[in-house]
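Asks: Take a look at the following structure, please.
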Amino acid sequence: MSFVLNDEEQMLRDSARSFLSETAPVTAFRKLRDENNPDGFSRDLWSSMAEMGWTGILVEEDHGGADFGVFAAGLLLQEMGRTLTPSPFLSTAVLAATALRVAGSDAQKAKWLPKIVSGETVIGFAVDERARHNPDSINTTAKKQGNGLVLNGTKRFVANGAAADAVIVVARNEDGAPCLVLVDCNQKGVTRKARRTVDSHLPADFTFEDVALDGDALLDGAEDTEGALKHILDVGRACVAAESLGVAEQAFDVTIDYIKEREQFGVPIASFQGLQHRAAHLLSEIEMARSIVMKALRTLDETPSQAPIWAAAAKAKATAVSRLATSEGIQMFGGVGMTDEYDIGLYYKRAQAAGEFLGDDAWGAGQVAKLSGY
């Protein structure tokens, strides 16, 4: 397993960095926030991502995608983390696309995957029902009724839920087994409430009350739906870990730039040994996080059966390191780091919110211990 980017991966990362720095810098995120954008992201940017081929990164070529793999998706999210780019990429091009790929029927793939690739749709992935991530606690039900299904339950903090056209819901069937159901957000009986989070993103809470669905709403293309669900979540965790890594990297970079410029007692504060020690510690933590995240992403592409422990470890480490890097950044900035004028506070908020999505560092550490047999 290589931890060195090949030529294609380097080109993808470099083009993403260039594209996002020009079209989606932090100033663009601030503008969306200050304008109280109802979607929480730029539709024009989402269309541009589709034109770049990013939306098809995990979609087979038969459906118009590039099929570059999970590692490539992680590279893109790492760069999005650096610029705090809000987009439906994680929810739609990663989670929903993976769900359709591993659990959708041929007809469902043919209908929905090209729409994801073209950027014409936004699809949420609804798993959690409580304030904290717990994929084992699913009370939403999708029970057979005639030739169709009836969906009942609630979901919380569905990423990009405020602007989603459809949502893939994790539910339980009449036997109590997990199932995946694709629901139109305008379906009768579906209500949603947008929730602007601390990082100015717009997930939504969903309520499903006697939602009548056709039988083809059920994603029934997998032999083992429970195994498919675990794989979807592992892909999501590794990819959001990659975004958190990007947040940590950029927070570290802007902090180092600042302490090199700021002076106290006539010298840059970067010359103070105490700050040098803290910076060296941060750098080593970021390098460790990068290694684990790359391992998780590579494993999902090459040996997915071994991925659960690495996805959990990557999520735990990247969450902890992004929170450490941003909080240390605020400390090194001093009092001004608490003001909205400086970007470091925005990175801190994103580290907090992204860290909770699909399991925080404590959850990830618990999973690693469980999967290791401890």
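Asks: Would you pick out the residues in region 16-26 that are open to solvent by less than 50 Å² (accessible area, probe 1.4 Å) and either of a type in the set (Asp, Glu) or under 15 Å from Phe89 (Cβ atoms) (or both)?
Replies: Ala16, Phe19, Leu20, Ala24
Asks: Phe3 versus (1) at pLDDT 95 or above; (2) over 26 Å from Leu113 (Cα atoms): which is the lone unmet condition?
Replies: For Phe3, the exception is condition (1).
Asks: Of Ala110, Ala66, Ala103, which residue is farther than 26 Å from Ala248 by Cβ and surrounded by fewer than 16 Cβ atoms within 10 Å (Cβ to Cβ)?
Replies: None of the others qualify; the one that does is Ala110.
Conditions tested, residue by residue: (1) buried (at least 23 other Cβ atoms within 10 Å of the Cβ); (2) outside any helix (DSSP H, G or I); (3) in contact (Cβ under 8 Å) with a residue 60 or more places away in the chain; (4) not aliphatic (A, V, I, L, M).
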site	(1), (2), (3), (4)
Met49	yes, no, yes, no
Asp62	no, no, no, yes
His133	no, yes, yes, yes
Asn139	no, yes, no, yes
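Asks: So which residues in region 87-104 are within 18 Å of Ala72 (Cβ to Cβ), small (Gly, Ala, Ser) and part of a helix (DSSP H, G or I), if there are any at all?
Replies: Those that are within 18 Å of Ala72 (Cβ to Cβ), small (Gly, Ala, Ser) and part of a helix (DSSP H, G or I): Ser91, Ala93, Ala96, Ala97.
Asks: Could you tell me whether region 284-291 includes any residue that is touching a Phe, Trp or Tyr at 6+ places or on another chain (Cβ under 8 Å), within 30 Å of Thr197 (Cα to Cα) and in contact (Cβ under 8 Å) with a residue 40 or more places away in the chain?
Replies: Within region 284-291, one or more residues are touching a Phe, Trp or Tyr at 6+ places or on another chain (Cβ under 8 Å), within 30 Å of Thr197 (Cα to Cα) and in contact (Cβ under 8 Å) with a residue 40 or more places away in the chain.
Asks: Separate question: Which numbered condition in (1) under 30 Å from Ala110 (Cβ atoms); (2) within 24 Å of the chain's Cα centre (by Cα); (3) at pLDDT 95 or above is the only one that Val211 fails?
Replies: (2)
Okay, residues lined up against (1) over 16 Å from the mean Cα position of the chain (by Cα); (2) surrounded by 21 or more Cβ atoms within 10 Å (Cβ to Cβ); (3) within 22 Å of Glu261 (Cα to Cα):
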| site | (1), (2), (3) |
| --- | --- |
| Ile309 | yes, no, no |
| Ala316 | no, yes, no |
| Ala325 | yes, yes, yes |
| Met338 | yes, no, yes |
| Ile344 | yes, yes, yes |
| Tyr347 | no, yes, yes |
| Gln352 | no, no, no |
| Gly359 | no, yes, no |
| Gly366 | yes, no, no |
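Asks: For region 196-248, name all the residues that are more than 24 Å from Val150 (Cβ to Cβ), open to solvent by 20 Å² or more (accessible area, probe 1.4 Å), in contact (Cβ under 8 Å) with a residue 12 or more places away in the chain and not in a loop (DSSP other than H, G, I, E, B).
Replies: Hits for region 196-248 are Lys230, His231.
Asks: Looking at region 343-361, which of the residues that are out of contact with any helix residue (DSSP H, G or I) (no Cβ under 6 Å at 6 or more places or on another chain) and touching a residue at least 40 places away in the same chain (Cβ under 8 Å) is farthest from Val235 (Cα to Cα)?
Replies: Among those residues, the one meeting the criterion is Leu346.
Asks: Of the residues Ala107, Ala162, which is assigned to a helix (DSSP H, G or I) and out of contact with any strand residue (DSSP E or B) (no Cβ under 9 Å at 6 or more places or on another chain)?
Replies: Matching residue, one of Ala107, Ala162: Ala107.
Asks: Out of (1) modelled with pLDDT of 95 or more; (2) of a type in the set (S, T, N, Q); (3) open to solvent by 20 Å² or more (accessible area, probe 1.4 Å), the odd one out for Asn37 is which?
Replies: So Asn37 meets the others, but not (1).
Asks: A further question follows. Checking Arg278 against (1) more than 30 Å from Arg101 (Cβ to Cβ); (2) crowded, with 20+ Cβ neighbours inside 10 Å; (3) basic (Lys, Arg), which single condition isn't satisfied?
Replies: (2)
Asks: I need every pair where a residue in region 172-186 that is of a type in the set (S, T, N, Q) has its Cβ under 8 Å from the Cβ of a residue that is buried (at least 19 other Cβ atoms within 10 Å of the Cβ), sequence separation at least 6 or different chains.
Replies: From region 172-186, the pairs are Asn173/Ala142; Asn173/Cys179.
Asks: If you check every pair at least six apart or on different chains, which have Cβ atoms under 8 Å apart with a residue in region 19-40 that is under 17 Å from Asp343 (Cβ atoms) first and a residue that is assigned to a loop (DSSP other than H, G, I, E, B) and of a type in the set (A, V, I, L, M) second?
Replies: Val26/Leu84; Phe29/Leu84
The values are calculated or read from the model by the stated rules, or taken from the named source; none is laboratory data. A quick note: this is a predicted structure, and the numbers were derived from the prediction, not measured. When we count neighbours, we look across all protein chains shown, and the Cβ atoms used for this are built from the backbone with ideal geometry, even at glycine. Ligands, DNA and RNA are stripped out before the accessible areas are found, and what is left, the full protein with its side chains, is counted by its heavy atoms. Shrake-Rupley method; radii C 1.70, N 1.55, O 1.52, S 1.80 Å.
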